[in-house]
Amino acid sequence: MGDRLLGKKRYAFYKDPFVIVLIILIFLLLCRGLFSARYIGIYVVGNSMSPTLTGAPESYLSGGDYLYADTYVLPERGDIVVVESPSGGYIIKRVIALGGDSLYMEDGIVYIMYEGENSFIALEESYVLPENNDPNLSYNSYRSEDNPLVVPENSMFLLGDNRGSVHDGQEIVSNDSRHYGTFGYDTLIGVITDWSLSCKSFFTGFYSFFAFGKIV
């Protein structure tokens, strides 16, 4: 220390513990800022994406999955997205078709003709369980082969994985594009990331721990 004060020894700031800690904190804050600028946290409420996602009862801070949505990318078919709902708030659904695609539903099966193709094919959807897709429910038939929906450009046709069923005499359906129509890209909040889906148990547990199960 004496040599340093007398100018005989240069101050090695990179060896100073305080400076090292300060640099680490600045780096972490910068990383968090960059992360927050691109990704937003999404807490799932409701069961319209069951069984892929678990949703909490309305207004509860526990019981639902917690995920991250990427606000910098456009969706692809099969992605799960968060969009603004025409009735207010946000909804989370799966992208079934994009601009230029044509589709209809019959007895719970989605038939799609991709842009540039000339025939319909039945969409294979392993994420939809039979008990969540009652073929006898009128809501699970939509348009027809003679009158399909053609998705406008820069738009998405969205469905919940929990399509519609009857429990205890009550119809339970997903309010999606069958109800609202197609969603334009201007309503898109973000695309749920693959890494948050893969690690949803960790993110959900972390979120639930700090939420303390309070009602908001």
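Of the set (1) out of contact with any Pro (no Cβ under 7 Å at 6 or more places or on another chain); (2) closer than 27 Å to Val45 by Cβ; (3) at pLDDT 95 or above, all apply to Arg143 but (2). The residues on offer are Phe210, Phe203, and the sole one that is part of a helix (DSSP H, G or I), of a type in the set (A, V, I, L, M, F, W, C) and open to solvent by 50 Å² or more (accessible area, probe 1.4 Å) is Phe210. The set of residues in segment 164-206 that are within 16 Å of Leu53 (Cα to Cα), more than 18 Å from the chain's Cα centre (by Cα) and not β-branched (Val, Ile, Thr) contains only Gly164. For segment 177-196, the tally of residues that are crowded, with 20+ Cβ neighbours inside 10 Å and in a loop (DSSP other than H, G, I, E, B) stands at 0.
Considering (1) open to solvent by less than 30 Å² (accessible area, probe 1.4 Å); (2) on the phi > 0 side of the Ramachandran plot; (3) of a type in the set (Lys, Arg), the lone condition that Arg143 does not fulfil carries the number (1).
Summed over segment 144-166, the residues that are over 16 Å from Tyr114 (Cβ atoms) and not in a strand (DSSP E or B) give a count of 8.
The values are calculated or read from the model by the stated rules, or taken from the named source; none is laboratory data. Keep in mind it's a predicted model, so treat the numbers as computed, not measured. Using ideal geometry, Cβ is built from the backbone for each residue, glycine included, and neighbour counts are taken over all protein chains shown. When the accessible area is computed, the model is the full protein with side chains, heavy atoms only, and any ligands, DNA or RNA have been set aside. Shrake-Rupley method; radii C 1.70, N 1.55, O 1.52, S 1.80 Å.
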